[in-house]
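**Q** Dropping the structure in here first, questions after.
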Amino acid sequence: RSSSKNKSIQLSKRRNAIRKAMKHALNGYYEHAFGFDEIRPVSNQTNSSWGGFGITLFDSLDTMLIMNLEEEYLKALNHVLKVDFKKDYDASFFESSIRYLGGLLGAYQLSKDKRLLSKAKEVGDVLLPAFNTPSGIPYGIVNFKTGQGRNPGWTNGNSLLAEAGSIQLEFKYLSFHTGDSKYEKAAHKVMEILFQNQKSEGLYPTYINPETGRFENTLVSYGGLGDSFYEYILKQYLLTGRTDPIMIEKYQEALRGLIEKLIIRTANELAFVGEFDLGTDSIIKEMDHLACYVPGMIALGAEGSEKDRLLKLAEDLAMTCVKMYEDQPTLLGRYILRL
């Protein structure tokens, strides 16, 4: 009983420390950059590289509600409800989906404030034209006013797996709450195309041609350019109450591919998530910091007879991610670790 009480006290202290840190960050933003997208923490200068709509406020709404930061939330809500998204602005389709649309939907789920759902629908409507491609694979950039879509030059006209395959939760959730299926249909079609065109069971390259829907390169990555696509397969299964047989099948395929082709273990038994080249059928021995979501994904999806083995793998990968920070003099982890 004493041990349980001590654990409860420790958890309470941690919660309070996290809430205090959140209040500190918000107070600095509110004082120096309210309404702008971001604040530069050293200079307190503002930055509006995400359209100038106040992305920090949208992205923080649900966290404020969870932490019961009522005063901060109400001020943010007042700003959010006044924003007009029909602006001549070339927006990141992916970032706008997860931050603006996702932020609004998360806050709506917690508050049931219909005004947030109405604003979410407004965002969904300016994002939807990104899907207007010959294949249905969305462009990475969409103009909020004209609906014109395109991909950045550095991708050679291709869409990215991590972007096209990581907006399904938001669009499906928007359809669920509005009763309008057009958002879900557009997002789900992307998954059907990707599943149909995969080059190797459970492994998906990072570049997709929006004209044809076919993959244009051979690099498989759970880090940058690929990352959250794999997480979203699992979460789409969970979103249906664990009832979608296709999503769980495709997630399990991806998990097998990960374990068989991308996991690296060193002599001292540290586990890493590498990358893989389907063209040469060879592993690339480097781990992207972004791949540190993988332990959480594996743990979240661990079930059945393989649960214990998968949880051990998740724990090993998580420890590697911790050591990527601990082993640096600054305690700041490396962005990419080459083995």
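The values are calculated or read from the model by the stated rules, or taken from the named source; none is laboratory data. Note that this is a predicted model, so its numbers are computed, not measured. Every residue, glycine among them, receives a Cβ derived from its backbone with ideal geometry; neighbour counts consider all protein chains shown. We work out accessible area using only protein heavy atoms, side chains counted, and drop any ligands, DNA or RNA first. Shrake-Rupley method; radii C 1.70, N 1.55, O 1.52, S 1.80 Å.
**Q** Which of the residues spanning segment 267-295 are β-branched (V, I, T) and either open to solvent by 40 Å² or more (accessible area, probe 1.4 Å) or part of a strand (DSSP E or B) (or both)?
**A** V273, T280, I283, I284, listed by residue number.
**Q** Suppose we keep only residues that are surrounded by 17 or more Cβ atoms within 10 Å (Cβ to Cβ) and out of contact with any Asp or Glu (no Cβ under 8 Å at 6 or more places or on another chain) within segment 64-88. Which one would you say is nearest to V126 (Cα to Cα)?
**A** V83
**Q** Quick check: is even one residue across segment 160-181 of a type in the set (D, E), open to solvent by 20 Å² or more (accessible area, probe 1.4 Å) and more than 20 Å from D59 (Cα to Cα)?
**A** yes
**Q** Now a separate question. Of all residues being open to solvent by 10 Å² or more (accessible area, probe 1.4 Å) and assigned to a loop (DSSP other than H, G, I, E, B) in segment 189-206, which is nearest to F176 (Cα to Cα)? Just the residue, please.
**A** Among residues in segment 189-206 that are open to solvent by 10 Å² or more (accessible area, probe 1.4 Å) and assigned to a loop (DSSP other than H, G, I, E, B), the one nearest to F176 (Cα to Cα) is Q198.
**Q** Sticking with this structure for a sec: Which of the residues spanning segment 294-323 are under 16 Å from L270 (Cα atoms) and either touching a strand residue (DSSP E or B) at 6+ places or on another chain (Cβ under 6 Å) or among the charged types (D, E, K, R) (or both)?
**A** Listed by number, the residues that qualify are V294, R309, K312, E315, D316, L317, T320, K323.
**Q** So, in segment 235-268, how many residues would count as being among the small types (G, A, S) and closer than 16 Å to L310 by Cα? Don't jump to the end; show me each part of the working.
**A** Initially, segment 235-268 is screened for residues among the small types (G, A, S), giving 241, 254, 257, 267.
So of that shortlist, the ones also closer than 16 Å to L310 by Cα come out as 254, 257.
Number satisfying all stated conditions: 2.
**Q** Just to be sure I understand, how many residues within segment 18-34 are among the basic types (K, R) and either in contact (Cβ under 8 Å) with a residue 60 or more places away in the chain or touching a helix residue (DSSP H, G or I) at 6+ places or on another chain (Cβ under 6 Å) (or both)?
**A** 0
**Q** Which condition from (1) open to solvent by less than 10 Å² (accessible area, probe 1.4 Å); (2) more than 26 Å from F195 (Cα to Cα); (3) in contact with a helix residue (DSSP H, G or I) (Cβ under 6 Å, 6 or more places away or on another chain); (4) of a type outside the set (S, T, N, Q) is the one that A91 breaks?
**A** All conditions are met except number (3).
**Q** Something else about it: Say we look at segment 207-229 and pick out the residues that are in a loop (DSSP other than H, G, I, E, B) and open to solvent by 40 Å² or more (accessible area, probe 1.4 Å); which of these is nearest to F131 (Cα to Cα)? Please lay out each step first, then the result.
**A** Our first condition is that a residue be in a loop (DSSP other than H, G, I, E, B); within segment 207-229, this holds for 209-214, 216-218, 221-227.
Next, only the ones that are open to solvent by 40 Å² or more (accessible area, probe 1.4 Å) stay: 211-212, 214, 216, 218, 225.
Numbers: E211: 11, T212: 13, R214: 15, E216: 19, T218: 24, L225: 19 Å.
Ranking the qualifying residues of segment 207-229, first place goes to E211.
**Q** Identify the residue in segment 230-263 that is within 19 Å of I336 (Cβ to Cβ) and open to solvent by less than 20 Å² (accessible area, probe 1.4 Å) and, among all such residues, is farthest from the chain's Cα centre (by Cα).
**A** Out of the qualifying residues, it is L262.
**Q** Could you tell me how many of the residues in segment 273-292 are touching a helix residue (DSSP H, G or I) at 6+ places or on another chain (Cβ under 6 Å), closer than 22 Å to G333 by Cβ and of a type outside the set (A, V, I, L, M)?
**A** 2
**Q** Exactly one condition in (1) closer than 22 Å to N68 by Cα; (2) part of a loop (DSSP other than H, G, I, E, B) is false for P41; which is it?
**A** (1)
**Q** Here's a follow-up. Of the conditions (1) at pLDDT 95 or above; (2) more than 20 Å from P152 (Cα to Cα); (3) acidic (D, E), E201 fails just one. Which one is it?
**A** Unmet for E201, out of (1) at pLDDT 95 or above; (2) more than 20 Å from P152 (Cα to Cα); (3) acidic (D, E): (1).
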